[in-house]
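Working notes, structure below.
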Amino acid sequence: MIDCLRRGLARDGAPRRLEETVRLCERIMEGRAFVPAEPRTGFWGFLSDVFRFSWASVALPQAGALLLAALICAGARDAACAPSCSPLFVLAAVPAVFRGQYCRTSELEAATRASGPQIILAKLILTGAASLLCMTAVLAMQARLPGGLPPVGRVILYWLVPYLACMTVMLALIRQRRSDGMALCAAAALASCLFWRGLSRLWPALYEASAVGLWVAGVLVFSGFFAKEILFIVKANKEGKMYGIVH
């Protein structure tokens with residue numbers, strides 16, 4: 001079999017091409033070879049490529065979360081269900097964000113021309129945009145329910161606080177490069193759903209107008225943590241540093 005392989009390589013001119021490749025590498029190292037500059041792909045072009053490659057892993061789980069959140073909110077018929085539903089959209093983002101870990105391709109992603117931070121940013125933008133669209137759709141559905149809703153600003157706060165908290169946990173797990181990050185992120189999202197649902201039963205005053213200040217403070221705190229992590233990703237991208245889950 002080895003002899004057949006050698007004859008096949010010799011017939012196809014593999015040794016000759018190998019020698020040409022070696023000589024070209026030598027000229028490149030000596031600075032005598034002309035290597036045409038390849039056009040760099042901009043971030044938005046790269047984002048479009050990521051979307052074409054992974055749109056199913058982004059859209060389908062988000063659609064499932066949208067259906068489940070709509071059913072929960074329709075059954076609850078109050079704004080207190082919003083905090084227990086918004087972590088579902090973080091849970092739906094787990095397959096897309098942690099795909100490299102699940103498929104064991106993190107090292108391959110890190111070796112591509114697109115850096116690890118760029119890949120994470122692209123996935124966050126796509127999953128975040130899908131989540132916001134789905135939450136807006138549920139909010140519009142809630143507004144049509146009998147009895148309507150409290151002021152829209154309050155309901156938006158109810159959606160944002162748990163969502164930002166779960167997204168901050170997700171970024172922290174990605175940054176730590178934990179091998180069990182995907183499972184921990186999913187568990188944190190599910191635990192957040194149960195926590196906020198229990199809190200709505202035990203502390204209904206949390207959803208009254210007098211408690212708006214607490215929700216505003218929560219948005220500011222978790223927005224600060226989330227923005228700090230995003231800035232860290234951007235800085236890592238500019239400096240060419242590694243970011244993400246690499247084993």
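Annotations
- Screening the candidates 86, 54 for the property of being closer than 26 Å to residue 181 by Cβ and open to solvent by less than 10 Å² (accessible area, probe 1.4 Å) yields one hit, 86.
- For the range 229-242, the count of residues that are of a type in the set (Gly, Ala, Ser), in contact with a Ser or Thr (Cβ under 9 Å, 6 or more places away or on another chain) and assigned to a helix (DSSP H, G or I) is nonzero.
- Breaking point among (1) surrounded by 17 or more Cβ atoms within 10 Å (Cβ to Cβ); (2) modelled with pLDDT under 80, for residue 94: (2)
- Residue in the range 60-74 that is more than 17 Å from residue 133 (Cα to Cα) and modelled with pLDDT under 80 present: yes
- Residues being open to solvent by less than 60 Å² (accessible area, probe 1.4 Å) and without any contact (Cβ under 8 Å) to a residue 24 or more places away in the chain - total across the range 207-234: 5
- Pair list, Cβ < 6 Å and 6+ apart or interchain, from the range 124-143 residues that are over 13 Å from residue 92 (Cβ atoms) to residues that are open to solvent by 20 Å² or more (accessible area, probe 1.4 Å) and not in a helix (DSSP H, G or I): 142/149; 143/149
- Residue 52 being at pLDDT below 70, under 18 Å from the mean Cα position of the chain (by Cα) and of a type in the set (Lys, Arg): no
- Verdict on residue 189 being assigned to a helix (DSSP H, G or I), modelled with pLDDT under 90 and over 18 Å from residue 154 (Cβ atoms): no
- Tally of residues being in contact with a Gly (Cβ under 9 Å, 6 or more places away or on another chain) and at pLDDT 80 or above across the range 99-156: 2
- Meets criteria (open to solvent by 90 Å² or more (accessible area, probe 1.4 Å), at negative phi, at pLDDT 65 or above and in a helix (DSSP H, G or I)) for residue 17: yes
- Long-range neighbours under 6 Å by Cβ, at least six apart or interchain, first residue more than 17 Å from residue 144 (Cα to Cα) and touching a residue at least 12 places away in the same chain (Cβ under 8 Å) within the range 52-80, second open to solvent by less than 60 Å² (accessible area, probe 1.4 Å) and of a type in the set (Val, Ile, Thr): 58/127
The values are calculated or read from the model by the stated rules, or taken from the named source; none is laboratory data. Since we're looking at a predicted model, the values are computed, not measured. Note that we place each Cβ from the backbone using ideal geometry, even for glycine, and neighbour counts take in every protein chain shown. Quick note on the areas: whole protein, heavy atoms, side chains included, nothing else; ligands and nucleic acids left out. Shrake-Rupley method; radii C 1.70, N 1.55, O 1.52, S 1.80 Å.
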